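None of the figures in this text is laboratory data; all of them are computed from the coordinates on show. Predicted model only: the values in this text are computed from it and were never measured. For neighbour counting, all protein chains shown are included, and Cβ atoms are generated from backbone atoms with ideal geometry for every residue, glycine included.
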Amino acid sequence: MKQLQLNGKWVLVTGASSGLGQEMARQLAHNFKANLIIAARRADKLDQLKTELETSAGIKVKVITADLSIPEEADRVIAECIAGGDLSGALLNAGVTYFGRHTQLPWDSFESILKTNVIGVVRMTNSLVTYFEQPGKEGSLMLVSSMAGYFPVPYQAAYSATKAFITAFGSALHYELTNPNFSITVFAPGGIATEMTDGNKFNELKSWLMPVSQAAKEGIHAFVSRKYNYVPGFLNRVGSVMMNFLPKRFLTGNMSKVYLKSLVKAETE
Ligand SMILES: NC(=O)c1ccc[n+]([C@@H]2O[C@H](COP(=O)([O-])OP(=O)(O)OC[C@H]3O[C@@H](n4cnc5c(N)ncnc54)[C@H](OP(=O)(O)O)[C@@H]3O)[C@@H](O)[C@H]2O)c1
């Protein structure tokens, strides 16, 4: 399948108000001259990014403020994106986590994680697949999952389960596609230095975090070259392969010790 050509084409990036989404939007604008539709809840951050990119990269940017944990809002975003019939790609990147003991995660927060990371993503994917499967359409969809979806992560139990869903869902759906010019990529980073990992609970894990610019660069590479599943960072890629040969109990048990140490340290500060 040929690489995506994005010069002057419209691409949706969800969760573009910070972190990985914001950086992928910047790189799509500067390095690929794509026009962008950027979506998230924080309108001020999206407006700032629009001004920055229209001025510095000379591209067009549309802002859509939306809470993607609400299915009707997710529908509205996709309806606005496909109305002109010229959408060429979508990066479904918005996501939230909770780092702590699962028993201390309030039910409404759990539902919010599930609705943002799974329900909203599936809702948008359904409409996007219908759009891109039409004859004559060309494009690509990338679902941002996580290495936390490759193996269970204690103290991020709910988050890790939502990402396991996204990895399985996107990887399976890829093979249901019938349009040879449309593809689905699952992007699964390890830790990245963003707002998500900013809190002191992550202090002990900070040396593992990848700079957001590198994660974004590899994410855009995976998207443009239509990879099937892609893990950024050579060591992470090796680790993701090695994981298949190690007992899950060993991996999860060791992960549990590292995460608990970081959590307890933050709690006692
Ligand atoms: N950081 C990591 O270590 C890491 C590792 C692997 C995978 N990932 C994945 O990478 C993606 C981006 O995360 P990040 O690290 O860049 O975190 P981040 O800086 O916290 O960004 C999360 C983005 O998602 C948006 N978002 C969250 N809830 C939303 C909602 N209900 N409706 C609309 N937008 C919403 C946020 O915007 P608003 O708050 O403005 O709505 C923000 O733009 C996530 O899917 C995450 O799971 C992150």
Exposure-ranked with fewest Cβ neighbours within 10 Å first, M242, M147 stand as M242, M147
With R₀ set to 22 angstrom, the calculated FRET efficiency between the beta-carbons of A79 and H221, to the nearest 0.05, is 0.15
The simple spin-label model distance between N254 and E72, using points 7 Å out along Cα→Cβ, in nm, is 4.9
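Taking neighbour Cβ counts within 10 Å as the exposure measure, how do L235, L251, L28 sort from fewest upward?
On the way: L235 11, L251 17, L28 28.
Ascending Cβ contact count within 10 Å gives the list L235, L251, L28.
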Of A193, A90, A79, the most mobile residue in a GNM of the chain (C-alpha springs, cutoff 10 Å) is A79
Under the 7 Å Cα-to-Cβ spin-label approximation, D47 and W208 lie apart by a distance in nanometres of 3.9
Between L105 and A172, the FRET efficiency computed from the C-beta separation at R0 = 35 Å comes out, to the nearest 0.05, as 0.80
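Helix-derived [θ] at 222 nm for the chain: sum -39500 (n - 2.57) over DSSP H runs of at least 4, divide by residue count, nearest 500? Display every interim value, and only then the final one.
Details: 9 runs with 123 residues, N = 269.
Computed ellipticity for the chain at 222 nm equals -14500 deg cm²/dmol.
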A correct fewest-to-most ranking of L177, L141 by other Cβ atoms within 10 Å would be L177, L141
The value for the chain (convex hull of the alpha-carbon atoms, volume per residue, Å³) is 126
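Do any GluC sites (Glu not before Pro) in the stretch 120-224 lie in a DSSP loop with no more than 14 other beta carbon atoms within 10 Å, and if so, which? Could the numbers behind the result be given before it?
Numbers: sites: E133, E138, E176, E195, E204, E218; in loops: E133, E138, E176.
Listed in order of number, the matching sites are E133, E176.
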Partner lysines whose C-alpha sits under 28 Å from that of K45, ignoring same-chain residues fewer than 8 away, are K9, K33, K60, K62, K115, K163, K201, K206, K217
Per the Kirkwood formula over distinct C-alpha pairs, the hydrodynamic radius of the stretch 110-269 in angstrom is 16.9
